[in-house]
Amino acid sequence: MAVDIPFRREFSFEYGRLEPVAPGVRRIVARNPSPFTFRGTGTYVVGSGEVAVIDPGPDLAEHVEALLAGLSGERITHILITHTHRDHSPAAAPLKAATGAATYGFGPHAGGKRGDPEVEEGGDWDFVPDVTMRDGDFIAGKGWRFEAVHTPGHTSNHLCFALPDSGILFSGDHVMGWSTSVISPPDGDMAAYLASLDKLLGRRDAVYWPTHGPAITEPQAHVRAFIAHRREREAGILDCLSTGVGHIDAIVERLYVGLQPGLHRAAGRSVHAHLIDLVGRGIVASDGMPTLDARYRLMRT
Ligand SMILES: [Zn+2]
């Protein structure tokens, strides 16, 4: 019985326009649509007059120019980064250069430990925050106050930013309405991701605004569905292993029926993340290191 995730894909916006989406919150969408970014990166602006910007977006000059034009007469005082993927953080550099605003984030990509470039192509290795934020840290500006919520899993440095006074959580790529999140080892970590979903269930945020796609107005039900979906995927992987299907490619073929060809690699990364978690829990063994092309099998009990 497949878990039914209540995806939300109705999304109205105009590229290049800074538009109000909630009291005190505006958004401008960058023209970088893809199978991983939905319609593009949604850059949020919080406050008015003196504002914070969340996820300035990809290295796309027209996006930075449109954001600055939309904010003419106002001042950017803070640049917040949910995580260091190339569709989120690279525009922090030109925006900082144009405004002098300080950047805030958990830290450099993967803690600065560069892995195999083959599996880390999405990382922005250049971004280093001016101000390091940790779980539970607060920052305040004119008319707003953010709480950092460390939510590793999609990346190890992923932060969500809550506005506790209005019940909003900017959920980055940790929880999105339009899609599940890509969990790609080595920086992506399935056990951490599931723990970070559990962490959100323990909070009372009323609405999530992800960096891609529309708001999630029933966040708890959405998060519960994502947890159930991953548990279901894990059960499917164990089922494959129990019948001797032990290579990631074969598991993807069996479990991801009807997947767009362009998403096969991402699916393989997700299965890999599950397998690393299962090996860590002593449920599954791999022949040699638990790599993308290792052979996996159930541990005998
Ligand atoms: Zn991302």
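The table below gives the values:
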{"quantity": "All positions within region 88-107 that are within 14 Å of the chain's Cα centre (by Cα) and open to solvent by less than 30 Å² (accessible area, probe 1.4 Å)", "calculated": "His88, Ser89, Gly105"}
{"quantity": "Hits in region 121-138 - residues which are more than 16 Å from the ligand (Cβ to nearest atom) and either basic (Lys, Arg) or not in a loop (DSSP other than H, G, I, E, B) (or both)", "calculated": "Val131, Thr132, Arg134, Phe138"}
{"quantity": "Complete set of residues in region 151-174 that are within 16 Å of the ligand (Cβ to nearest atom) and out of contact with any Cys (no Cβ under 8 Å at 6 or more places or on another chain)", "calculated": "Pro152, Gly153, His154, Thr155, Ser156, Asn157, His158, Leu159, Cys160, Phe161, Asp173"}
{"quantity": "First in region 67-90 and within 17 Å of Gly153 (Cβ to Cβ) and among the hydrophobic types (A, V, I, L, M, F, W, C), second anywhere and within 9 Å of the ligand (Cβ to nearest atom) and part of a loop (DSSP other than H, G, I, E, B), Cβ under 9 Å, 6 or more apart", "calculated": "Ile81/His88"}
{"quantity": "Hey, Asp135 open to solvent by 60 Å² or more (accessible area, probe 1.4 Å) and either of a type in the set (Phe, Trp, Tyr) or more than 20 Å from Ala52 (Cα to Cα) (or both) or not", "calculated": "no"}
{"quantity": "Among the residues listed as Arg31, Arg75, Arg8, Arg17, the single one being at negative phi, of a type in the set (Lys, Arg) and in contact with a Pro (Cβ under 9 Å, 6 or more places away or on another chain)", "calculated": "Arg8"}
{"quantity": "Hits in region 79-100 - residues which are outside any loop (DSSP other than H, G, I, E, B) and among the hydroxyl-bearing types (Ser, Thr, Tyr)", "calculated": "Thr99"}
{"quantity": "Filter result for the condition that a residue is closer than 24 Å to His158 by Cβ and touching a residue at least 40 places away in the same chain (Cβ under 8 Å), over Asp293, Asp205", "calculated": "Asp205"}
{"quantity": "Qualifying residue in region 17-27 (condition: farther than 22 Å from Leu169 by Cβ, among the acidic types (Asp, Glu) and more than 15 Å from the ligand (Cβ to nearest atom))", "calculated": "no"}
{"quantity": "Pair list, Cβ under 8 Å, 6 or more apart: region 21-38 residue among the small types (Gly, Ala, Ser), other residue open to solvent by 20 Å² or more (accessible area, probe 1.4 Å) and assigned to a strand (DSSP E or B)", "calculated": "Ala22/Val207; Ala22/Trp209"}
{"quantity": "Check on Thr37, among the hydroxyl-bearing types (Ser, Thr, Tyr) and closer than 24 Å to Thr132 by Cβ", "calculated": "no"}
{"quantity": "Unique match (being closer than 24 Å to Thr99 by Cα, at pLDDT 95 or above and under 18 Å from the mean Cα position of the chain (by Cα)) among Pro56, Pro20", "calculated": "Pro56"}
{"quantity": "Single residue of region 176-194 satisfying the filter (surrounded by fewer than 23 Cβ atoms within 10 Å (Cβ to Cβ), farther than 15 Å from Thr84 by Cα and of a type in the set (A, V, I, L, M)) that is nearest to the ligand (Cβ to nearest atom)", "calculated": "Ala192"}
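The values are calculated or read from the model by the stated rules, or taken from the named source; none is laboratory data. It should be emphasised that the depicted structure is a prediction, and the values quoted were computed from it without experimental measurement. Cβ atoms come from the backbone with ideal geometry, glycine included; neighbour counts cover every protein chain shown. The accessibility values were calculated without ligands, DNA or RNA, using every heavy atom of the protein model including side chains. Shrake-Rupley method; radii C 1.70, N 1.55, O 1.52, S 1.80 Å.
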